[in-house]
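The structure under discussion appears below in the form of structure tokens.
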Amino acid sequence: MGAGASRPAPRALVDAVEALGGATSAEVLELLDAFPRAGPEDHVPVTADDVAALSSRCGRLRSEAEVADAFDLPRRVAAVLMRRVPSVDDATGVGAPYGFSLADAVVHLARCRDSRAAALEEADALLRAGALVDLAKMATTATAATADDDDDEVDDEVDARAPPLAALRTMLRARPGEAARRFPSLPTTARSLLLRSARASLAPRLRDAAGAPLTSSPRTSGRRRASDPRRDVLTRAGAWLLAASIPSGSTHSGGSDGKATWRRVYASVEDGAGFSTFVSRITAKTCGPVLVCVRTKAGDVLGGYVSLSAGESVRGDRAEFQGDAGTFVFAFGKARKFTKSIQERKTNNDEGGGREVAAAADDDDADASDDEADDSWTRVGVYASTGANASHVWCASGFKSDRYPNGFGFGGVASRPGSGRSALWIDGNLERGRCVAGIATFGAPMLAGCRSGVGRGERGVLPTGVRSGFDDERLGYDDDWGVGSFEVDAVEAWATSGAGADSAGGTNGHDRGMDRRGGGVRDAKHGELRMMMQLGGHDAGGPAREER
């Protein structure tokens with residue numbers, strides 16, 4: 001039998017306990033463990049009245065230090081919670097003293113869990129208080145490869161000068177109410193502050209193609225591969241900000257702790273900038289849904305996620321759009337110049353968490369001359385499918401007709417697939433790309449655009465947001481479409497479900513067990529001709545090309 005309650009629980013507490021699944025739910029019991037007990041430890045609440053009784057006997061958390069210790073939170077985050085967690089009237093029978101009780105914590109958690117607006121409000125309060133870097137450290141520390149990872153490793157990985165944190169901090173100064181809405185992971189993190197178990201799944205583990213953990217520690221040994229935030233496109237902080245946007249069921253749990261594992265199946269820095277290699281990796285049977293990340297030579301980081309049904313992988317041998325409504329594109333903004341060595345950044349971080357954002361702000365002032373015209377922070381965010389059309393992802397390799405451009409892109413128009421109408425497009429040589437603003441598939445702004453443009457011969461260079469012009473005449477695109485062009489510096493592809501990188505390449509799984517009727521235009525080698533005939537209204541017969 002639960003602990004007896006001398007007075008009934010207030011309505012807000014009753015509703016909160018019910019919303020969390022009852023007084024015996026894992027969430028309520030985890031919150032109870034965070035508070036010092038004044039009575040027997042074996043009392044387990046059964047009803048909301050029991051929770052109220054236990055709350056009245058438990059000590060209140062009355063200082064930032066107590067909150068930080070109880071919930072294992074950074075001091076800055078604890079300070080925000082002290083101000084934000086409301087007091088539940090009469091839950092303790094003593095009014096509303098400073099600090100918060102078990103009952104207050106239960107009501108606050110239920111409120112953030114049930115209301116997106118409430119979670120956004122909490123995330124916004126944390127960001128306005130300068131806790132962005134603290135939140136990134138908290139989320140990424142929970143997904144360290146092993147229990148003995150160094151804190152220095154995490155400090156390097158969440159460097160405030162690298163995207164997306166640098167661009168988000170700029171946005172916080174210019175448009176403070178917008179940042180929390182740009183990434184679903186921010187309100188998700190706000191919902192998880194009081195539960196250590198929930199924070200463990202905020203960010204995925206990052207592994208290389210062989211399954212070895214990626215770490216930024218310079219003292220790595222064994223199978224771990226040291227990563228460099230200046231070399232790698234996707235960092236732990238970036239993975240954290242994208243994780244909540246990945247559709248549920250599209251991530252692979254790497255262990256009993258429930259943490260997701262993302263495997264890097266392709267990295268141009270290590271595997272070479274070959275489009276055929278890139279396509280073979282993302283179309284492998286074991287890849288499944290894939291996250292593609294691009295860094296431009298101007299420093300912008302952007303990309304998109306290809307959402308697919310269970311058992312499917314990207315196709316590179318069909319001239320048609322693919323992916324489903326879970327697909328999205330994203331922009332992380334521009335990387336700051338790495339004017340400091342890793343050791344210098346470690347020194348700044350070690351001086352104290354409270355100085356990190358201020359130090360980074362000083363760095364921003366010092367780099368003001370470099371960033372005067374940098375508006376990349378205005379593009380930062382995750383842009384989900386609008387549902388306006390199904391033209392989510394285009395992937396084509398080896399086609400000879402101009403009607404089927406070879407390359408990889410997100411969004412487009414069915415009658416004109418490829419670079420002319422894509423929110424993000426990468427050419428079939430992994431050297432150039434372009435972004436078009438306002439594509440109906442995602443409704444995203446121009447995700448990137450190199451101010452100096454790309455090589456234009458006699459045409460010279462164009463400012464950011466203006467069409468690059470390469471291949472414009474040949475493809476016959478309208479001149480009134482604003483296009484941001486860029487040169488590709490690095491590309492990565494991450495498998496977020498299934499065995500992912502267990503296969504370094506190979507044939508798409510759809511190629512196996514398919515109808516292989518040959519003869520005439522039905523033969524697989526005539527797949528492109530068959531599709532041209534179908535576009536012209538002729539029945540070519542047979543399945544679409546299954547192999548090249």
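The values are calculated or read from the model by the stated rules, or taken from the named source; none is laboratory data. This one's a predicted model, so the numbers in the text were calculated from it and none came from an experiment. Note: ideal-geometry Cβ built from the backbone for every residue, glycine included; neighbour counts use all protein chains shown.
Whether any residue in the stretch 303-312 is in contact with a strand residue (DSSP E or B) (Cβ under 8 Å, 6 or more places away or on another chain), closer than 24 Å to Leu447 by Cα, modelled with pLDDT under 95 and surrounded by 19 or more Cβ atoms within 10 Å (Cβ to Cβ) is what I want to check. Taking every residue of the stretch 303-312 in turn, at least one turns out to be in contact with a strand residue (DSSP E or B) (Cβ under 8 Å, 6 or more places away or on another chain), closer than 24 Å to Leu447 by Cα, modelled with pLDDT under 95 and surrounded by 19 or more Cβ atoms within 10 Å (Cβ to Cβ). Here the condition is being crowded, with 23+ Cβ neighbours inside 10 Å and either of a type in the set (A, V, I, L, M) or at pLDDT below 90 (or both); of Val380, Val413, Val357, it holds for Val380 alone. Take Leu29 and tell me if it is modelled with pLDDT under 95, buried (at least 17 other Cβ atoms within 10 Å of the Cβ) and within 35 Å of the chain's Cα centre (by Cα). No. Considered as a group, the residues in the stretch 36-77 that are in contact with a strand residue (DSSP E or B) (Cβ under 8 Å, 6 or more places away or on another chain) and closer than 28 Å to Leu132 by Cβ include one that is modelled with the lowest pLDDT, and that residue is Leu61. Residues that are polar (S, T, N, Q) and either free of Cβ contacts under 8 Å to residues at least 12 places away in the same chain or in a strand (DSSP E or B) (or both) within the stretch 270-317 comprise just one, Thr296.
Checking each residue in the stretch 383-410 for being at pLDDT 95 or above and farther than 21 Å from Asp324 by Cβ picks out no residue at all. The sole residue among Thr251, Thr286, Thr220, Thr327 that is within 16 Å of the chain's Cα centre (by Cα), at pLDDT below 95 and hydroxyl-bearing (Ser, Thr, Tyr) is Thr251. Being assigned to a loop (DSSP other than H, G, I, E, B) and at pLDDT below 50 holds for only one residue in Lys346, Lys340, and it is Lys340.
Looking at Thr141, Thr189, Thr146, just one residue is crowded, with 23+ Cβ neighbours inside 10 Å and either under 17 Å from Lys259 (Cβ atoms) or modelled with pLDDT under 95 (or both), and that residue is Thr189. The set of residues in the stretch 119-134 that are at negative phi and touching a residue at least 60 places away in the same chain (Cβ under 8 Å) comprises Ala119, Leu120, Glu122, Ala123, Leu126, Leu132, Val133, Asp134.
Contact map, the stretch 197-225: first residue within 20 Å of Asp72 (Cα to Cα) and among the aliphatic types (A, V, I, L, M), second residue modelled with pLDDT of 85 or more and part of a loop (DSSP other than H, G, I, E, B), Cβ cut-off under 7 Å, separation 6 or more or different chains; pairs are Ala198/Ser192; Leu202/Ser192.
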